[in-house]
1. Just checking, does the stretch 119-127 include any residue being closer than 21 Å to residue 190 by Cβ, away from the ligand (no atom under 14 Å from the Cβ) and in the same structural domain as residue 186 (by TED's automatic domain parsing)?
2. If residue 153 meets every condition in (1) over 20 Å from residue 105 (Cβ atoms); (2) within 14 Å of the ligand (Cβ to nearest atom); (3) exposed (fewer than 12 other Cβ atoms within 10 Å of the Cβ) apart from one, which number is that one?
3. Which members of the stretch 147-174 meet the condition of being within 13 Å of residue 131 (Cβ to Cβ), in contact with a strand residue (DSSP E or B) (Cβ under 6 Å, 6 or more places away or on another chain) and not in a strand (DSSP E or B)?
4. Check off (1) within 17 Å of the chain's Cα centre (by Cα); (2) within 16 Å of the ligand (Cβ to nearest atom) for residue 69 and give me the number that stays unchecked.
Ligand SMILES: [Zn+2]
């Protein structure tokens, strides 16, 4: 259950759960008949809690939904695991926002071309990668070029336009290598999982390259706590997934 669902459920059984229970006992027709009155009852409850009908501020409501907003988290809540790395403009997983999938976004600049990038690996869950340009006058111009290798056979793909890449579970991918940056571009990574699970495939690159690529091994069961600034690794350029 995530924070917003917890918020919805704090006064007891949610409407959806209640209707589901009713449907299970007496059939969907009864549930349908009940839905409208329940909706009205909820609207009445909201109106009673906000008689002026005005938008409420987080302060006025005691920050009921604060934990749904990354920018309203304290450093101790937000700077956990990858959330402590400044290269991510936004980062969340289940340790930062309860119930959240692994999600990150970064702005890739010229410095990304100076590093070898992320080495070959696979995840137990699917992954989505998104690359977007940042020129509103030319939204279909990525302003950059990068390479992604797929499969044990290392099939090479060159990307120079905004795109989305779906990587099925347990599919080898990378190296990821940024080759040109004319204009910084947005790069988003999302796992179909609440924590990163990753198996490094070091044997797929020459031995003399293994210490140049980034490799991560994680079973997806790890829990991340707050990492104080003094304990953080030195900032390195964005490297992709
Ligand atoms: Zn990956």
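The values are calculated or read from the model by the stated rules, or taken from the named source; none is laboratory data. No experiment lies behind these values; they were computed from the predicted model shown. Ideal geometry is used to build each Cβ from the backbone, glycine not excepted, and the neighbour counts take in all protein chains shown.
1. Of the residues in the stretch 119-127, the ones closer than 21 Å to residue 190 by Cβ are 119-127.
Still in the list and also away from the ligand (no atom under 14 Å from the Cβ): none.
The answer is no; no qualifying residue exists.
2. Condition (2) is where residue 153 drops out.
3. Of everything in the stretch 147-174, those that are within 13 Å of residue 131 (Cβ to Cβ), in contact with a strand residue (DSSP E or B) (Cβ under 6 Å, 6 or more places away or on another chain) and not in a strand (DSSP E or B) turn out to be 160, 162.
4. Of everything listed in (1) within 17 Å of the chain's Cα centre (by Cα); (2) within 16 Å of the ligand (Cβ to nearest atom), residue 69 misses just condition (2).
Each row is one residue, and each column tells you yes or no for (1) in contact (Cβ under 8 Å) with a residue 24 or more places away in the chain; (2) more than 23 Å from the chain's Cα centre (by Cα); (3) within 15 Å of the ligand (Cβ to nearest atom); (4) not assigned by TED's automatic domain parsing to the domain that holds residue 219.
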| position | (1), (2), (3), (4) |
| --- | --- |
| 134 | yes, no, no, no |
| 137 | no, yes, no, no |
| 142 | yes, no, no, no |
| 149 | yes, no, yes, no |
| 169 | yes, no, yes, no |
| 173 | yes, no, yes, no |
